[in-house]
1. Looking only at segment A:129-144, filter to residues that are surrounded by fewer than 10 Cβ atoms within 10 Å (Cβ to Cβ) and not β-branched (Val, Ile, Thr); which one of those is farthest from B:Lys179 (Cα to Cα)?
2. Could you check A:Trp50 against (1) over 28 Å from B:Pro118 (Cβ atoms); (2) within 10 Å of chain B (Cβ to nearest Cβ); (3) in contact with a Pro (Cβ under 8 Å, 6 or more places away or on another chain) and say which number it fails?
3. Every residue in segment B:33-57 that is touching a residue at least 60 places away in the same chain (Cβ under 8 Å) and not in a helix (DSSP H, G or I), please.
4. So which of A:Val143, A:Val132 ends up being on the phi < 0 side of the Ramachandran plot, of a type outside the set (Gly, Ala, Ser) and within 22 Å of the chain's Cα centre (by Cα)?
5. Name the residues in segment B:42-74 that are of a type in the set (Val, Ile, Thr), at the interface with another protein chain (Cβ under 8 Å from one of its Cβ atoms) and more than 13 Å from A:Ala245 (Cβ to Cβ), would you?
6. Of a type in the set (D, E, K, R) and assigned to a loop (DSSP other than H, G, I, E, B), is that true of B:Lys215?
7. Just need a number here: residues in segment A:2-38 that are at the interface with chain B (Cβ under 7 Å from one of its Cβ atoms) and assigned to a loop (DSSP other than H, G, I, E, B).
Amino acid sequence: MSSVLYDTPGPRAKQRNVLFSVVFFALLAVLVWFVWKTMDDEGQLEWALWKPFTEEQAWTTYLLPGLSNTLKAAALAMVIALPLGAVFGIARLSDHRWVRGPAATVVEFFRAIPVLLLMLFANEFYDRWTNVTSEQRPFYAVVTGLVLYNASVLAEVVRAGILALPKGQSEAAKAIGLRKGQTMTSILLPQAVTVMLPAIVSQLVVIVKDTALGGVMLQFPELLSERATLAANYANVIPSFIVVAAIFIVVNFILTSFASWLEGRLRRSKRSTGAVLGAEDVEELNAAEVGGTYGTGAGGTI
Amino acid sequence: MFDFLEGYNVLEAFWTTVQLTVLSAVGSLIWGTLLAGMRVSPVPLMRGFGTAYVNIVRNIPLTVIIVFTSLGLADIFGVTLGSRDFDVQGFRLAVLGLIAYTAAFVCEAIRSGINTVPLGQAEAARAIGLSFSQTLRLIILPQAFRSVIGPLANVLIALTKNTTVAAAIGVAEAALLMKEMIENEAQVLLIAAVFAFGFVVLTLPTGLFFGWLSKRLAVKR
């Protein structure tokens, strides 16, 4: 094993690596032992606390409905946010300053605000000015908050996706006499959608993770708040946390793997321009670096 | 017009937000750099640990981690972080959770920075006989840090927004105060605007300053 940073180890380096491995292993072992012992002392390892997860009831009453609410909210938020984001993303690329300016302000504003603030506001808004039932309200509020935030992030994804296409595409469209609207709808957007796909799937991970916020703060019955009900019933705090975290990890891991599979496929494909927006670009867009330095050349990711 | 602010200490809530941000930023920078060092190290066990940590933590919602610090770490494992006072303990646990979560992103940012350092730099360092830790400390990381100021600033801004999750365990920061005010006062829109403005004020200068800094410190090649 060697890398740029170190040579293939010789006898002394091998010895040192073994030493480091042993020390590090010892540290990890101490940590694991501490965790194990505390859990044992607190009775968290008893089979009775873990048994519910092997039976149908815990899943059908708590975990699966919670997971389905999480996924429902995430999917709905994505479906609404995508067209909204496309509109704002295209508006930011407009030739007219009076379209570009306001669109940029709206996008940067919603990107700079924590999604929790948007959820809290939406919840209060529905409470006071609409007749959404109090049962439905958390769901509406969570989806609204997620839509407002993610539409602005997706607007940037769309903008970056269109900018990532080679210049020749819009030049060729101009050369054969297409108007601006035609260039956008029949040349740039269809190609940009493929470029953006991995970024959109990666954004789903962010949305899924953010639904948990609605569970704690607005009592939206998603996976994390269902965990609380489950733990109240079976008194298994640690096991329930481990299981819920594992479910989140599996769901998000599937999404991440799908995104990077798409990214690799698009990068290799000979028919496209090779331009692609990957997961790393999404991380950048979520932070809302105001006045962003964001820019991709043809086929370039940062 | 702003008389609804009376009786609430908005500035103190935002001060808590700033404290959460700064302490978590420093902590996650240290822990994240260590993780990045592990992920590129010659010791397979450390590499494995770094990779596993990043992949696990990045896929768990921050809310789950923060709630766990309170219900799991504090209540079951008895990690009180040196304080029996509920508020202080909640604050420290929130910082711990934020560090654990943000470090994974810091690690990835630094690792991608390490990849931007030209091969020749590391090769030259090895050629003059520097060890792995010398190569990393003296040659690679100083250049890598300068090229990741932009990405790290993004993580910092995301962290500023993420501190609101601490409201989930009752830390008296901006989002929790907003929740209280919005439920009890009539001027919902104005309150939301005040808090939104507060966060824009926190993130806007950060973005501008680090944008300027990353241009200034960029390694000229």
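The values are calculated or read from the model by the stated rules, or taken from the named source; none is laboratory data. It should be emphasised that the depicted structure is a prediction, and the values quoted were computed from it without experimental measurement. Here the Cβ positions follow ideal geometry from the backbone for every residue, glycine too, while neighbour counts run over all protein chains shown.
1. A:Asn131
2. (2)
3. B:Val40, B:Ser41, B:Pro42
4. Numbers: A:Val132 fails: within 22 Å of the chain's Cα centre (by Cα).
Of A:Val143, A:Val132, the one residue that is on the phi < 0 side of the Ramachandran plot, of a type outside the set (Gly, Ala, Ser) and within 22 Å of the chain's Cα centre (by Cα) is A:Val143.
5. Step one: filter segment B:42-74 for residues of a type in the set (Val, Ile, Thr), giving B:43, B:51, B:54, B:56-57, B:60, B:63-67, B:69.
Checking the rest, the ones that are also at the interface with another protein chain (Cβ under 8 Å from one of its Cβ atoms) come to B:43, B:56, B:60, B:63-64, B:67.
Matches in segment B:42-74: B:Val43 only.
6. No: the conditions fail for B:Lys215.
7. Looking only at that region, the number is 4.
Quick grid of which residues meet (1) surrounded by 18 or more Cβ atoms within 10 Å (Cβ to Cβ); (2) free of Cβ contacts under 8 Å to residues at least 12 places away in the same chain:
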| residue | (1), (2) |
| --- | --- |
| A:Gln169 | yes, no |
| A:Ile176 | no, yes |
| A:Arg179 | no, yes |
| A:Ile200 | yes, no |
| A:Gln219 | no, no |
| A:Glu226 | yes, no |
| A:Val237 | yes, no |
